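Here's the structure we're looking at; comments come further down.
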Amino acid sequence: MKNNLNKGILCAAVAISIASCGNPNSETVEQDATSNTTEVKTEKQGQAFIKDDESQPTVLDIAIGSPDHSTLVAAVQAAQLENALVNAGPLMVFAPINAAFEALPAGTVENLLKPENKEQLAQILKHHVTAGNYSKDFLKKFKKLGQASDLSVKVEVVGDEVFIGGAKIIASVEAGNGIVHVVDKVILPEN
Amino acid sequence: MKKLINSLIVLALVGTAISCSNSESGGKSNKGALASSAAEKVYVAPGEHDEFYAFMSGGYSGNLTVYGLPSGRMFKEIPVFSQFPTSGYGYSEETKPMLNTSFGFVPWDDAHHPDISQTNGELDGRWIFINGNNTPRIARISLTTFETEEIIEVPNSAGNHSSSFITENTEYVVAGTRFSVPIPQKDMPIKDYKSNFKGSLSFISVDPEHGHMDIKFQLMMPGFNYDLSHPGRDKSHGWFFFTTYNTEEANSLLEVNASQNDKDFIAAVNWKKIEEYVNNGGGTMMPANYAHNVYDESTHTATTTMKKEVLTVDPLKVPGAVYFLPTPKSPHGCDVDPSGQYIIGNGKLSADLTVHSFDKMIAAIEAEKFDGEAYGIPILKFEDVLAGTVKSGGLGPLHTEFDGKGNAYTTFFISSEVVKWKLGTWEVIDRKPTYYSVGHLMIPGGNSRKPFGKYVVAMNKITKDRYLPVGPEMEHSAQIYDISGEKMELIYDFPTHGEPHYAAGCPAELLKNNAKKIYRLDENKHPYAITSPDQAKVERKGNEVHIYMSTIRSHFTPDNIEGVKVGDKVYFHITNHEQDFDVPHGFSMIGQNSSELLIMPGQTKTNTWEPKKVGVWPFYCTDFCSALHQEMQGYIRVSPADSDIELSWSLGED
C-alpha cells in the first residue's frame, strides 16, 4: 500500500514536471503579450497562483501532484480553499486518499461538490487541517488537535500507528508550508 | 520508507511550477484600475496633499514611518529605538542617551503598536507613542517636530507586546508584558515557571502639558502571556482589557503546550479603582533599575536618569479591580468598539470572533456570576459576558478596527482577508482578499471614539509576487480599501518599510498646520551652540579637542583647523545657522567610526572623531544644501602625538 501510494505520488510529480498540466499560465502569458492586462489579472488571484519553481512545494502542490488525491483536490477547488492552503500557516493537512472518499455512502461526494453545498464542503475540508507542523512521531504527544473547522479531533496511538479522528496516517510528506499526512479515511466532524 | 518519501519530496520539488488549479477565487474584485475608478480615488495630484497621515510601526526596523493616505507615499522615517545614520540619531552625543537602558546602550528594538494621544476619546494629535518589544521600552514622539522626545524603560517586563495603548484622555500609556518572568529577576530553574513567574501590566502616566512619562504603578498578574490590549472608552472608560494566552503557564514548546485550554482569558482591569488605591497610599514600592531618557528641544540634548524603584500592586489587594473573561482559543487581538460596549477577542486558532459585552460584564460582576478563580482573580461565566459570536468563515482572525458607522473589520491571517461585519447583529457584510497573510489593519481613528471610516489599510506579512522581485528579502505589502460604501473596494497596494505591526492614522488637518519648520536659533540653549560665526572656536582640554562650528550656505566656520594630534578625541559641535525651512546641513569626517550628522536649521549636534593617522584630512557637508554645496568642505591637519603645533582655526585666511 505504502509503496504503491508513494510511487503514485512520484509518478505524478514526474508527469507534472514534463507536462506542466493543461494550465492557464501559458495562455495568460500570451494574453499579456497582446496587451489586455485587465483580463490577465483576473486569471490569478492569490498566493495559490504564484509561479514559483524554486520553493519547496506547499501542502496544496503536494496534494495536486498525487493521483491518489484527485478527489481531495477537486473538493478543495470546489470549496475554493486553495489560497488558504498555500498560506505561511504552518499547516498540517490530513489528506484522505481517493479510496477514503469512495468508502463514504454512495452519492456523498457528488452531493458535497454541488455549488450550493460549498460551505458544508469547506467545513469538512477544514476539519482535515491543523495550524501546526508535527511529524507522525511527534503527534504521539497529543491527545487532541484543534482543527481549522473550530472543532477538535482525537489523536490515538495504537502500537506504532497514529490515528487522527479515527483515520490512520499511512504516509507523510513535508511541505514548504507544513506537512501532509496521508490518511486512509475521511475525518467527519462528530456532530 | 523514509528513502521513498525523500525521493518523493525531491521529485515534487522538480514539479512545482504546477499551480494548474482553477483560477477564480475572488477574482472579480481586481478589475483594472481604470475600470473601477480606483486610480481616481488614490490619485493625489503633484503638489497636492494626502487626506490622512498614517504612522506605521517599523517592526524590526525599530522605527516609525509616516505615510500619506490614500496615496501610500512615504514621507519620513522617524528613528525611535534604532540608531539611524541618516540623521545621526543614536550616534550624536545629544541623542546617544535616548538608547540607554539598564542593559546599557541598546541600539535597536522591535517597534510594534503606535497610538496617537487622545482627549475625550478623540485623537488630539499631540504625540504618538510606540513600544519597543524586545528590551521593554515606551517612546513618545512629538507630532510637531516628528522626532522622538522621550523613552522610558519598563522594568519587570519582557516582550513588551500588549503595549502602547492610550486611555481616552491620555491619562496613561499602558504596557503589558508578553513573557512572564521572575519578579524580581533571580537565578532559578526554568521548569519552576508555573505559579512562580509573574506578568506585569504597567500604567505609565503622561503629564498633560509636556507628555512626560512616569510609571504610576505595575499590576503584578499571574504568569500568563499578555498579548494585546485596548482601553475601554466612553461607557467603559476607566477599564483596560488585555488578551492572554498560555494560561497553561507552559515554559516550553508553547505551540503545543499553550493550546491545551479551550479558553484563555481577556483580563479586565479597572485602572481607576487601582489608581484610587495607589493615590491613597496603596501598593508596594520595590527596588528596580530602569532608564528614563528625555530629549529637551531647547538644548537639543537628551539626558538619562536611572530610576531606582517602582510601585507594584497585587491585584488581590484591590477587590473588584481585576476579572477574567473566558475567551476561546489563544486570543490575539483585543479591540474595543467606539461606544465602549463591545470587547472583541480574536482567537487566533479559531474561526470565530468572540465579542464580550461591557454591560453584561458589569452585571455579571454585580451578580457574582463567577466560574471559579485563577490565582484568586474571579473568572466570569462565559455565557454571562458573551454578547455574540461572529461566524466568519475565515481562518486565523487577528485584529479588528471600526468605522464609526456600526461596522467592524477583522483581519484573517490564514485565509488572507479582511471581513466586514456588523456590531450587534454579528452578520458578515463583506469580505475581501488581501495579498497576503494580513496582520494588523488600520482605519484612521479606528481605535478611538471617533473613527474616520473612509479607508482601511491592511498590513500584510507576506509579499511574494506583489511587486517587482528583489530577491528573497522584500518589504511587506499593504493594501488600501475604500470603505465608504457597503462593500469594500481594493483601491491601491504599496510596499511598507520594515514590518508594520500596527499603525495609527489621523486626518491631515489635525497635524499639518502644527508641524515645525525650523528651530529658532535665538532659542537654542545647547551648551556648545554658537549663535554667531564669530563665536566659532577650538578648545583643548587634555586630549579632548572641542570645535565650536557653524554652518551657513555654503561654508563651515572654521574650515581649516591645525594642532589636532593622533590620540586626540575631537568633538565637532555644529550649529546650523540657517533659519530657512528645509535647509539642513550635513557633516561627515573621513574615517569617522560613527555616522554623519544631519543638522536642522537652528539646531546643534555633536559628533566625535578619533584621528589615527597623521595627515591633512577633509570633512564636508553631506546634504545638497545649495548651488555651492560642493564647495562646502574643510580640512583638519593631524600631527604626530608628540607634536607641539598649537591649535589654530580659520576661515578664508591665507
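Restricting the search to region B:50-87, which residues are part of a strand (DSSP E or B) and either of a type in the set (Val, Ile, Thr) or assigned by TED's automatic domain parsing to the domain that holds B:Ser588 (or both)? Explain how you work it out, then say what you get.
Filtering region B:50-87 down to residues part of a strand (DSSP E or B) leaves B:52-57, B:59, B:64-69, B:74-78, B:84.
Answer for region B:50-87, where residues must be part of a strand (DSSP E or B) and either of a type in the set (Val, Ile, Thr) or assigned by TED's automatic domain parsing to the domain that holds B:Ser588 (or both): B:Thr65, B:Val66, B:Ile78.
The single condition among (1) more than 18 Å from B:Arg233 (Cα to Cα); (2) without any contact (Cβ under 8 Å) to a residue 12 or more places away in the chain; (3) assigned to a helix (DSSP H, G or I); (4) not small (Gly, Ala, Ser) that B:Leu316 does not satisfy is (2). In this structure, B:Lys450 does not satisfy being basic (Lys, Arg) and over 31 Å from the mean Cα position of the chain (by Cα). State whether one or more residues within region B:135-155 are buried (at least 24 other Cβ atoms within 10 Å of the Cβ), in contact with a His (Cβ under 8 Å, 6 or more places away or on another chain) and part of a loop (DSSP other than H, G, I, E, B). No - not one qualifying residue is present in region B:135-155. When region A:80-132 is filtered for residues that are within 15 Å of A:Leu60 (Cα to Cα) and more than 10 Å from chain B (Cβ to nearest Cβ), the ones remaining, listed by number, are A:Met92, A:Val93, A:Phe94, A:Ala95, A:Pro96, A:Ile97, A:Leu125, A:His128. Listed by first and then second residue, the pairs linking a residue in region A:164-186 that is of a type in the set (Lys, Arg) to a residue that is part of a strand (DSSP E or B), with Cβ atoms under 7 Å apart and 6 or more places separating them unless they lie on different chains, are A:Lys168/A:Glu161; A:Lys168/A:Val183; A:Lys185/A:Pro96; A:Lys185/A:Ala167. Number of residues in region B:110-134 that are surrounded by fewer than 24 Cβ atoms within 10 Å (Cβ to Cβ), assigned to a strand (DSSP E or B) and of a type in the set (S, T, N, Q) equals 2. Looking across B:Lys369, B:Lys391, one residue alone is within 14 Å of chain A (Cβ to nearest Cβ), over 31 Å from the mean Cα position of the chain (by Cα) and free of Cβ contacts under 8 Å to residues at least 60 places away in the same chain. It is B:Lys391. May I ask you to verify whether B:Gly47 is out of contact with any Lys or Arg (no Cβ under 7 Å at 6 or more places or on another chain), without any contact (Cβ under 8 Å) to a residue 60 or more places away in the chain and within 29 Å of B:Ser484 (Cβ to Cβ)? Yes: the conditions hold for B:Gly47. Checking each residue of region B:336-345 against the condition of being hydrophobic (A, V, I, L, M, F, W, C), in contact (Cβ under 8 Å) with a residue 40 or more places away in the chain and either within 14 Å of chain A (Cβ to nearest Cβ) or farther than 30 Å from B:Asn407 by Cα (or both) gives no match.
Could you list, ordered by first residue, the pairs with Cβ atoms under 7 Å in which the first is in region B:169-197 and touching a residue at least 12 places away in the same chain (Cβ under 8 Å) and not assigned by TED's automatic domain parsing to the domain that holds B:His230 and the second is exposed (fewer than 15 other Cβ atoms within 10 Å of the Cβ) and assigned to a loop (DSSP other than H, G, I, E, B), at least 6 apart or interchain? Cβ pairs passing all conditions: none.
Looking for something of a type outside the set (Phe, Trp, Tyr), part of a strand (DSSP E or B) and surrounded by fewer than 18 Cβ atoms within 10 Å (Cβ to Cβ) - is there at least one such residue anywhere in region B:389-407?
Our first condition is that a residue be of a type outside the set (Phe, Trp, Tyr); within region B:389-407, this holds for B:389-401, B:403-407.
Remaining after also requiring part of a strand (DSSP E or B): B:389-391, B:397-401, B:407.
From the residues that got through so far, the ones that are surrounded by fewer than 18 Cβ atoms within 10 Å (Cβ to Cβ) too are B:389, B:391.
For region B:389-407, residues of a type outside the set (Phe, Trp, Tyr), part of a strand (DSSP E or B) and surrounded by fewer than 18 Cβ atoms within 10 Å (Cβ to Cβ): present.
Taking region B:437-494 as the range and being within 12 Å of chain A (Cβ to nearest Cβ), crowded, with 24+ Cβ neighbours inside 10 Å and part of a loop (DSSP other than H, G, I, E, B) as the test, only B:Ser437 passes.
Can you tell me which condition B:Glu275 does not meet? The list is (1) assigned to a strand (DSSP E or B); (2) under 27 Å from the mean Cα position of the chain (by Cα); (3) over 23 Å from A:Gly132 (Cβ atoms), and all the others hold. The one condition B:Glu275 does not meet is (1). Note on region A:152-175: among residues that are of a type outside the set (Val, Ile, Thr) and surrounded by fewer than 18 Cβ atoms within 10 Å (Cβ to Cβ), the one that is farthest from the other protein chains (Cβ to nearest Cβ) is A:Gly166.
Only residues that are of a type in the set (Gly, Ala, Ser) and touching a Leu at 6+ places or on another chain (Cβ under 7 Å): list them for region B:439-469, please. Give the derivation first.
Pass one, region B:439-469, residues of a type in the set (Gly, Ala, Ser): B:439, B:445-446, B:448, B:453, B:458.
Scanning region B:439-469 gives B:Gly439, B:Gly445, B:Ser448, B:Ala458.
The values are calculated or read from the model by the stated rules, or taken from the named source; none is laboratory data. Here the structure is a predicted model, which is why all the values come from computation and not from measurement. All Cβ positions, glycine included, derive from the backbone under ideal geometry; neighbour counts span all protein chains shown.
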